[in-house]
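The values are calculated or read from the model by the stated rules, or taken from the named source; none is laboratory data. These numbers were taken from a predicted model, which means no experiment stands behind them. All Cβ positions, even for glycine, are placed from backbone atoms using ideal geometry, and neighbour counts span all protein chains on display.
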Amino acid sequence: MLDVRITKNVTALLAATLLLAGCATAEMGGGSAGGGADAGGSAAARRFQAVRTSPPELRAFLYRMPKGADLHSHLTGAAYAETYMRMAADAGLCFDVKALTLVAPTAQAPCGDAKSARPGAAAVIADSVLYPMALDALSTRDALPVSGYSLHDQFFATFGRFRAANSVPNSTGDLLAEVVDRAGRQGERHVELMVSFGTGPAAAIGKSFPWTPQAAADLAGTADRLIAAGLPALVAPARQEIDAAEARMRSVLGCGTPAARPGCAVSVRYLQQVSRTQSPGPVYATTLFNALLEAQEPRVVGLNFVAPEDNPVALDDYDLHMRMVAEAKRRQPGTNVALHAGELTLGLVPPERLRDHIRKAVEIAGAKRIGHGVDVMYEDDPQGLLRTMAGRKVAVEVNLTSNDKILGVSGKAHPLPVYRAAGVPVVLSTDDEGVSRIDLTNELQRAVEEFGFGYADLVGLARASLEHSFLPGDSLWSAPGCTPPVREDACRAVTARSEKARVQWGLEEALARFDREIAEVR
């Protein structure tokens, strides 16, 4: 997806980027934050220092700043409510005013006008009262915590409310176009989007499978039976789904034409989702299928478990789920795993439920990245866990706005500085930018304003996001010549053979170009 050319003057470019970053690559995404370390360095760093106390100017600076990757983003939650309403109107869907949900019309219950209980989505958009109501229902816009219905509940309720729009023709490609283009406009180089290609039929196979204590005790034998029931045959149709979605995305974005939009330059990969609130049969079948799909489809680079971690089924089956992932990895050793773990806090669940989810995701399921990880200091032996994560280079995908809205955890209560101080790799991501009504730039700004991050910290986080992406190939920084003292031939060699290194090189070029542009503004 990303066409990166290696310039002749490799040494000069890397020297410039290392200067503006204030550091090379060591412990990318780790370390302690601070605004003073990068003051007076590059033009970009000096400009950052000048605007960091002015939120409007800081926002404009950070929006232009080149970024690495968004590694934790659910495709359906990344689209804005306005998009879902437009899709619903085009497809002739209705909006159930009482349930606050998009629904398909039926012969018995067709869409009505704006005064009916089920107006058409087009009528809703045209109505000054109903349209704001619909936008609020399909996102956390203007949502307030109230007795019996929290922001946590509102957040997760939105996915069911716009589900009908996800079923209309071309919906996945249209969502991809929106999300990828937003990434490109902000200077992101790469996105890994959580999706569900082919998981419905896989879950159906698991649902028809009788789950018994023996099935749980013998996961290897159970996997044999599920695979024999037809999981491999679902791979080809899932790949065709991806083909169709990407063709639609490229068409909408005008890729390959003079009118190509910024999203065309973004590298895109997919993490297959497993809904952890299903019964064991569908969960296991989907997990196994996702590993099979990754083994045969280069655009799929891993799997993740999704849905509320505090759901009773997700809590009760957590240990079983971790064993399922471990068995899938044993069968397909190349499977990448990024798991939602520790998206919990005291009060949301009893304290006993906060003791071990992150550790089990790392030690049993072999997760290479942890999504959220908010309750880390509630775990048994948290310092030992942090040492394990730092030693294994298990990255934490931090979603500041999401953690604030869903869990009420922000500022000094957030463990982001704890992870960095322990040397655990950290990346910033959006989670569900459409539902939360944010973008990646907003998360960088929160890191500056709430945690005192400096420009070098932000560059380090951008580099870390690509370093811990599941893009194939060696890291740009794996070649000794790509760290000071720089050797041009070594950098050429690693970018020639590695897609990951080429995308990383694109970030370095963009950072150097950004610094030159800032320097030219007087």
I want to confirm something. Restricting to region 270-290 and keeping residues that are of a type outside the set (S, T, N, Q) and within 16 Å of ILE242 (Cβ to Cβ), which single residue is surrounded by the most Cβ atoms within 10 Å (Cβ to Cβ)? PHE289
Does GLU433 count as touching a helix residue (DSSP H, G or I) at 6+ places or on another chain (Cβ under 7 Å) and farther than 18 Å from MET194 by Cα? no
Only one of ASP142, ASP127, ASP153 is over 23 Å from VAL409 (Cα atoms) and either over 31 Å from the mean Cα position of the chain (by Cα) or of a type outside the set (A, V, I, L, M, F, W, C) (or both); which? ASP127
Which numbered condition ALA123 fails, given (1) without any contact (Cβ under 8 Å) to a residue 40 or more places away in the chain; (2) closer than 30 Å to VAL426 by Cα; (3) not hydroxyl-bearing (Ser, Thr, Tyr): (2)
Can you pull out the helices (runs of 4 or more DSSP H) entirely within region 426-522 that have at least 1 residues that are of a type in the set (D, E, K, R) and modelled with pLDDT of 95 or more? 433-436, 440-451, 455-467, 499-520
Go through region 401-425 and report how many residues are in a loop (DSSP other than H, G, I, E, B) and more than 19 Å from ALA338 (Cβ to Cβ). 6
Would you check if there is a residue in region 181-191 being under 30 Å from LEU507 (Cα atoms), out of contact with any Gly (no Cβ under 9 Å at 6 or more places or on another chain) and surrounded by 22 or more Cβ atoms within 10 Å (Cβ to Cβ)? yes
Just the residues that are among the basic types (Lys, Arg), more than 17 Å from VAL168 (Cβ to Cβ) and touching a residue at least 24 places away in the same chain (Cβ under 8 Å), please, taken from region 57-115. ARG59, ARG64, LYS67
Please indicate, with yes or no, whether at least one residue in region 141-152 is modelled with pLDDT of 95 or more and outside the structural domain of LEU348 (by TED's automatic domain parsing). no
